[in-house]
Amino acid sequence: MVSFKFQSHHTPGSQSQELLDDNILADLKAISHNRMVVLDPIRVEITSYTSEPESTQAVNHPGDSSAGTRDLSFSNTIYIEQDDFQPAKAGTDFYRFTKVGDEVKLRFSYVIKLEEIIWKNGDEKSGVVECLKCSHDPATRDCMPKDRSIKGVVHWVDANNSVDIECRLIQDLFTVESFPADKDFMEFLNPNSMLIKAAKAEKSILSETEISSKKINFSNRYQFERKGYFAHDLDSTVERPIFNRTVALKESAAAKKLGADGKPTKSRKEEQEAQRLENERLMKVPVEELFKQGE
């Protein structure tokens, strides 16, 4: 069960969405197992990897060793997120793929280097990538290289051993926080309040028990790495897994508050400390004040 406190703010009856999300995140963080799922897949061929597919171990929960581990398969073809390749950000502080020669570390696996970009129909102007061709550093499966700095780490899924799943990303229902008095609230409905993704997931997104019994365990909760916390939709089946995002991973407060120079007004450490103190303050609010009407 999710436990949370509400603290009303600007308008009568309104509640802090951010505070609700914080409490949901706190509960789900403790009970959710990590999985790698690629929501917007782009195929990556690792041309230097000529070995047989291999398996590596990944922890289910980075803060709870009792949650155990799972097997991750790796082969010469994987999927990464489309937004992990952004050529328009070449020369910036974007630490994933932007151009040939860039390197990233695959989570729980090798460092790979971008060698060639295959554009759809050979048309670079279209901006649509059909495939990325990469090489890998065999010495880096379980470590970072010592002779160079690799700042980007990305999640991935083995294209030869993956599960097709549907992911539903629940967004804000409205496009504004409050409605003008002279307007119909229906005018502010968000047309993108639910986005549906045809995603690729690692094999262990379904447990052996679920597969053998052909029954979904609806109590399972997952963190899809870098994407948020998800749970099975009630229509989910072993043959057609469907996941709904409960809450996205929280953005760094520092990333949201930028100065005139485009840089954070506070360091990440300062923002985290400020958030911790604010959470402590809210936890001390008397119960009778929690649902007090805003002024």
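The values are calculated or read from the model by the stated rules, or taken from the named source; none is laboratory data. These figures come from a predicted structure and were not determined experimentally. FYI the Cβ positions are ideal-geometry reconstructions off the backbone, even for glycines, and counts take in every protein chain you see.
Structure above, values below:
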item	result
Residue list for the range 218-249, filter: part of a loop (DSSP other than H, G, I, E, B) and under 18 Å from A30 (Cβ atoms)	S219, N220, E225, A248, L249
Selection within the range 79-120 - part of a strand (DSSP E or B), over 22 Å from S55 (Cα atoms) and of a type in the set (A, V, I, L, M)	L114, I117, I118
Residues being of a type in the set (V, I, T) and in contact (Cβ under 8 Å) with a residue 60 or more places away in the chain - total across the range 195-232	1
Criterion: in contact (Cβ under 8 Å) with a residue 40 or more places away in the chain, more than 19 Å from G228 (Cβ to Cβ) and among the β-branched types (V, I, T) - qualifying residue of I42, I31, I24	I42
Matching residues in the range 55-98 - criterion: being within 22 Å of A199 (Cα to Cα) and among the small types (G, A, S)	S55, A58, S73, S75
Leading residue by the ranking (farthest from E81 (Cα to Cα)) among those in the range 121-165 that are over 21 Å from the mean Cα position of the chain (by Cα) and small (G, A, S)	A139
Index of the failed condition, T47 passing every other in (1) surrounded by 17 or more Cβ atoms within 10 Å (Cβ to Cβ); (2) more than 26 Å from E166 (Cβ to Cβ)	(1)
Output for the range 121-176, where each listed residue is closer than 15 Å to D40 by Cβ and not in a strand (DSSP E or B)	G127, V128, H155, W156, A159
Members of the range 171-188 that are of a type in the set (D, E, K, R) and either within 22 Å of G228 (Cα to Cα) or modelled with pLDDT of 85 or more (or both)	D172, D182, K183, D184, E187
Residue match in the range 134-142 (condition: hydroxyl-bearing (S, T, Y), out of contact with any Ser or Thr (no Cβ under 7 Å at 6 or more places or on another chain) and modelled with pLDDT of 95 or more)	yes
Every pair of residues 6+ apart whose Cβ atoms lie under 8 Å, when the first sits in the range 97-111 and is assigned by TED's automatic domain parsing to the domain that holds S135 and touching a residue at least 24 places away in the same chain (Cβ under 8 Å) while the second is part of a loop (DSSP other than H, G, I, E, B) and aliphatic (A, V, I, L, M)	E103/I150; V104/I150; K105/M144; K105/I150; R107/M36; V111/M144; V111/I150
Output for the range 200-250, where each listed residue is surrounded by 12 or more Cβ atoms within 10 Å (Cβ to Cβ), polar (S, T, N, Q) and either modelled with pLDDT of 95 or more or over 24 Å from L19 (Cα atoms) (or both)	S204, S207, N220, Q223, S236, T237, N244
Filter result for D71 (under 19 Å from Q223 (Cα atoms), exposed (fewer than 13 other Cβ atoms within 10 Å of the Cβ) and touching a residue at least 24 places away in the same chain (Cβ under 8 Å))	yes
